[in-house]
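Everything on this sheet refers to the single structure shown next.
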Amino acid sequence: MEYMLFICSDPAAPEYVAAEDNIVEWVAEMEARGVSRHGDRLRPVEDATTVTVRAGEVVVSDGPFAETKEWIAGYDIIACADLDEAIEVASKHPMARFGKIEIRPVWPLGV
Amino acid sequence: MTPGLTDARTAVEAASAEETARITATLIRVTGDWSLAEDCVQDAFARALVDWPEHGIPRNPGAWLTTVARNRAIDRMRSAASEKRAVRELAIIAQLEGMEEGGSSDPAAEDDRLRLIYTCCHPALPLDARVALTLRTVAGLTTGEIARAFLVSEATMSKRLVRARAKIRDAGIPYRVPPPELRAERTSGVLAVLYLMFNEGYSATGGESLIREPLAREAIRLNRLLVSLLAGSPHEPEAVGLLALMLFHHARRSSRTDSAGDLVTLEEQDRDLWDQAEIAEAAALLAAAEQVGISRRSRPGSYRVQAAIAACHMTARTPGSTDFARVAWLYDSLAQIAPSPVVELNRAVAVAMSQGPEAGLALIDRLDRSRSLEGYYLLPAAKADLLRRLGRKLEARDEYQRARELAPSEAERRYLGKRLAETAPAITYEGEE
């Protein structure tokens, strides 16, 4: 099954410590296991642009679609046997400690 | 000879308690479809209610029910098999046809039941759904029965169950006994669900208790099943500890409230009403769990310690003969396993009982100042009791008042109101408010 990990900031999480960031090892392990499909960081919400089309008009606005204290800082698409493996993969990600990670199963559109 | 209608009904009920989990669990494993499995098992019991009074109770009810449920599943899968998915469905049908009819002693069936329990209690499901799903699929209660026990409409409960099954399927929650590295954590998750289920039934008061009491009985029954399935595993002693804890509580269910439905404290309960058979069973279970724990060198977990605390209270003939020094010591070890301000509060009360109210009051005051239990009515209630015993009536009154404002239920407010009236100075008392 494919899952998307939303790597999120969390104001209530312990402060980020660069020395405890194991992202390089995490990427290496998940690639070696064949879990990682694709993933990266995202630029901060200041660089977000939201687009809507209403009555045929394209409306472009600055900023994210929802103003929240938590924001998505990165994403990973992973392939796992089941949710337990996805939980294990997410729990090893450094941002599970410095932020939080939401796991969402991919829902194939089948087109 | 055909049995009477009542005999057949009793046999169906007994078979339901014995066989539901096993048959459902196996059908889920083979078909991967939770609702199909639950429906087919329910159909099988409905058929039994019609068939058994007429043709007699089968020699092996479990095998009879398994066959009927399995055939029903085959029929349903055949009629639902679309062109596109036929291959997969045909493979499942073939597997259903080869399914062992088995009996409760079938080791594969035991694995299936454990799979079912662990999956129902998966931490990715909301807690209320874990309880509901366990009652539905493992205990075999109907959606209507569960809805009544949780005081919600059948539609609401049905939605909760549908959501839970959908999440198991769509989020890829595995149907299995967790691997060794997850088993300790997941087993305590299962125990937590059973304890929650028990408390939902046990803590209900008044008219509600009649409707909700079955939850406590189901929790005990499921806990017994879990204990038998975990026999020999390192997690068995803690499951036994929880069973002992539940039985100790359950033994005093009829003394918890008075005829008006008001709560009666442990101290004031009529100990003649306590169920001595349940107390003896709980004590024996606890002793066995300690023995096994010692031989496997596994440190007692929080349920075993809580059961040991309950044992101190439940085996004392009078409140005064309770070994409060041991209770305080046990709360101390509980605080090390599962630190919480509520445990600290209970320890303070036990210290007050063994060393005197002043020693307990000092501990409670410290807890009060730390504000870690702010809004929790039992802190001022405990403080008030100690102040009253020290003869400091005015302070006691303030604390009873504070407790009453924070109390969550009418029964508790009434109880505190009574205490408040008792500490009232006779002359200035002008009624509450």
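The values are calculated or read from the model by the stated rules, or taken from the named source; none is laboratory data. Since the model is a prediction, treat every value here as computed from it, not as a measurement. In this analysis, Cβ positions are derived from the backbone assuming ideal geometry, glycine residues included, and neighbour counts consider all displayed protein chains.
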- Run down B:LEU141, B:LEU125 and say which single residue is outside any helix (DSSP H, G or I), within 14 Å of chain A (Cβ to nearest Cβ), among the aliphatic types (A, V, I, L, M) and buried (at least 19 other Cβ atoms within 10 Å of the Cβ). B:LEU125
- Among (1) more than 13 Å from chain A (Cβ to nearest Cβ); (2) of a type in the set (Gly, Ala, Ser); (3) buried (at least 17 other Cβ atoms within 10 Å of the Cβ); (4) closer than 22 Å to B:GLY301 by Cα, where does B:GLY189 come up short? (1)
- Task: Would you be able to say whether some residue in the range B:153-174 is more than 13 Å from B:TRP34 (Cβ to Cβ), surrounded by fewer than 18 Cβ atoms within 10 Å (Cβ to Cβ) and within 14 Å of another protein chain (Cβ to nearest Cβ)?
- Result: yes
- Item | Index of the failed condition, B:ILE173 passing every other in (1) at pLDDT 90 or above; (2) assigned to a helix (DSSP H, G or I) | (2)
- Message: Scan the range B:177-184 and tell me whether some residue there is modelled with pLDDT of 95 or more, within 12 Å of chain A (Cβ to nearest Cβ) and either closer than 19 Å to B:LEU222 by Cα or assigned to a loop (DSSP other than H, G, I, E, B) (or both).
- Response: no
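Just to confirm my filter: which strands (runs of 3 or more DSSP E) fall fully inside chain A and include at least 3 residues that are closer than 30 Å to B:GLY32 by Cα and within 14 Å of another protein chain (Cβ to nearest Cβ)? Quick ask: steps written out before the conclusion?
On the way: elements: A:2-9, A:36-41, A:49-54, A:57-62, A:72-79, A:99-105.
In chain A, A:2-9, A:99-105 are the strands (runs of 3 or more DSSP E) which contain 3 or more residues that are closer than 30 Å to B:GLY32 by Cα and within 14 Å of another protein chain (Cβ to nearest Cβ).
The rows are residues; the columns are (1) buried (at least 22 other Cβ atoms within 10 Å of the Cβ); (2) among the aromatic types (Phe, Trp, Tyr); (3) within 16 Å of the chain's Cα centre (by Cα).
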residue	(1), (2), (3)
B:ARG212	no, no, yes
B:ALA216	yes, no, yes
B:ASN223	yes, no, yes
B:SER233	no, no, no
B:LEU247	yes, no, yes
B:SER255	no, no, no
- Does the range B:200-220 contain any residue that is under 30 Å from A:ILE103 (Cβ atoms), in contact (Cβ under 8 Å) with a residue 40 or more places away in the chain and not aliphatic (A, V, I, L, M)? yes
